[in-house]
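Engineer: Please see the structure below; I have some questions.
The values are calculated or read from the model by the stated rules, or taken from the named source; none is laboratory data. None of these values were measured; they are calculated from a predicted model. Here Cβ is always computed from backbone atoms with ideal geometry, including for glycine, and neighbour counts include all displayed protein chains.
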Amino acid sequence: MQLIVWDFDGTLADSRALIVAGMEHALKGLGLQERPELRQEWLRCVGLPLEEGLQRTFAPLGLDPVDVLKVYRTFDWIANEPLLVPFPGMDALVRELHGLGVKMAIASSKRSVPLRRQVETFGWGACFDPLVTPDDVRVAKPHPESLELCLAAHGLEPHLALMVGDTPFDLEMANRAGVPGIAVGHGFYGREALEACGPLAFAPDVASLRDILLAMVTA
């Protein structure tokens, strides 16, 4: 294994508090704060590009996702970014792998500007290359293009890489790219939904993920 490609939200970073705050802001702005089931439906779309999640959640209600997006973007994301933190133990794991010379990249559904800012805030700027987002591809997750760009950047065949993610969209992307996937259980989806995608392994927490990755790196 010569490259680890990571998802960001729900995999490297615990972004649930930030994402939920943004959702609550949007629902209140739309007068839908008394519809908690909408938040749950929206959360099931985390891992997809934002626009796709809005389409799936609000179009069936007869709402224009473009109007929802306008309200969602009035949330002060930068002021609330302290809500987003690495999962416990993740910073140490990233730095340990980087120190071992492991090549790592990120394939995220988050847009480039906030992703790069957040990676730099965590002090991880030197640890990941490239950072692939919907701004870099024609078709986002679960299409394999994001992962294929990471492979191309390092000149690697799919079997020499590994995809680590917390959503079925990450694992479907890996399957379609021919890359083995590792599912993590500390994000937005439960074990049953993730194992249905046929990952190589399931890690319920960062400690178990470290054991899996170090075994593969040193094999």
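Engineer: Please pick out the residue among Lys103, Lys110 that is touching a His at 6+ places or on another chain (Cβ under 7 Å), crowded, with 17+ Cβ neighbours inside 10 Å and modelled with pLDDT of 90 or more. Steps first, answer last, please.
Structural biologist: Details: Lys110 fails: touching a His at 6+ places or on another chain (Cβ under 7 Å).
Sole residue among the options that is touching a His at 6+ places or on another chain (Cβ under 7 Å), crowded, with 17+ Cβ neighbours inside 10 Å and modelled with pLDDT of 90 or more: Lys103.
Engineer: Just to confirm my filter: which helices (runs of 4 or more DSSP H) fall fully inside region 51-132 and include at least 1 residues that are under 30 Å from Leu160 (Cβ atoms) and not hydrophobic (A, V, I, L, M, F, W, C)?
Structural biologist: Numbers: elements: 65-72, 77-80, 90-99, 112-121.
It comes to 90-99, 112-121.
Engineer: For region 6-53, how many residues meet the condition of being on the phi > 0 side of the Ramachandran plot, at pLDDT 85 or above and not assigned by TED's automatic domain parsing to the domain that holds Ala203?
Structural biologist: Let us first name the residues in region 6-53 that are on the phi > 0 side of the Ramachandran plot, namely 10, 31, 47.
Now restrict to residues that are at pLDDT 85 or above: 10, 31.
Within this subset, residues satisfying the condition of being not assigned by TED's automatic domain parsing to the domain that holds Ala203 are 31.
So the answer is 1.
Engineer: Name the pairs: first residue in region 174-197 and closer than 20 Å to Pro158 by Cα, second residue of a type in the set (Lys, Arg) and surrounded by fewer than 24 Cβ atoms within 10 Å (Cβ to Cβ), Cβ to Cβ under 9 Å, at least 6 apart or on different chains?
Structural biologist: Correct list of pairs: Ala183/Arg191.
Engineer: Do you know which of the residues in region 14-54 that are closer than 19 Å to Ser146 by Cα and touching a residue at least 12 places away in the same chain (Cβ under 8 Å) is surrounded by the most Cβ atoms within 10 Å (Cβ to Cβ)? Give the steps one after another, and end with the answer.
Structural biologist: Of all residues in region 14-54, those closer than 19 Å to Ser146 by Cα come to 45-53.
Narrowing the set further to residues that are touching a residue at least 12 places away in the same chain (Cβ under 8 Å) leaves 45-52.
Numbers: Cys45: 19, Val46: 22, Gly47: 28, Leu48: 19, Pro49: 21, Leu50: 19, Glu51: 15, Glu52: 17.
Result: Gly47.
Engineer: Which of the following residues is aromatic (Phe, Trp, Tyr) and in contact (Cβ under 8 Å) with a residue 60 or more places away in the chain: Phe75, Phe8, Phe58? Full working, then the answer.
Structural biologist: Values: Phe75 fails: in contact (Cβ under 8 Å) with a residue 60 or more places away in the chain; Phe58 fails: in contact (Cβ under 8 Å) with a residue 60 or more places away in the chain.
Exactly one of Phe75, Phe8, Phe58 is aromatic (Phe, Trp, Tyr) and in contact (Cβ under 8 Å) with a residue 60 or more places away in the chain, namely Phe8.
Engineer: So for region 115-124 (the condition being of a type in the set (Val, Ile, Thr) and touching a strand residue (DSSP E or B) at 6+ places or on another chain (Cβ under 8 Å)), does at least one residue qualify?
Structural biologist: Kept after step one, since they are of a type in the set (Val, Ile, Thr), are these residues of region 115-124: 119, 121.
Still in the list and also touching a strand residue (DSSP E or B) at 6+ places or on another chain (Cβ under 8 Å): 119.
Scanning region 115-124 turns up at least one residue that is of a type in the set (Val, Ile, Thr) and touching a strand residue (DSSP E or B) at 6+ places or on another chain (Cβ under 8 Å).
Engineer: So which residues in region 132-149 are buried (at least 21 other Cβ atoms within 10 Å of the Cβ), touching a Leu at 6+ places or on another chain (Cβ under 7 Å) and of a type outside the set (Val, Ile, Thr)?
Structural biologist: If the condition is that a residue be buried (at least 21 other Cβ atoms within 10 Å of the Cβ), touching a Leu at 6+ places or on another chain (Cβ under 7 Å) and of a type outside the set (Val, Ile, Thr), then Lys141 is the only one that fits.
Engineer: Starting from region 114-130, keep only residues that are at positive phi, then list their pairs with residues that are modelled with pLDDT of 95 or more and surrounded by 13 or more Cβ atoms within 10 Å (Cβ to Cβ) whose Cβ atoms are within a distance under 9 Å, requiring at least 6 positions of separation or different chains.
Structural biologist: Gly123/Asp91; Gly123/Arg95
Engineer: Does Val139 fit the bill of being part of a loop (DSSP other than H, G, I, E, B) and free of Cβ contacts under 8 Å to residues at least 40 places away in the same chain?
Structural biologist: On the way: part of a loop (DSSP other than H, G, I, E, B): yes; free of Cβ contacts under 8 Å to residues at least 40 places away in the same chain: yes.
Criteria met by Val139.
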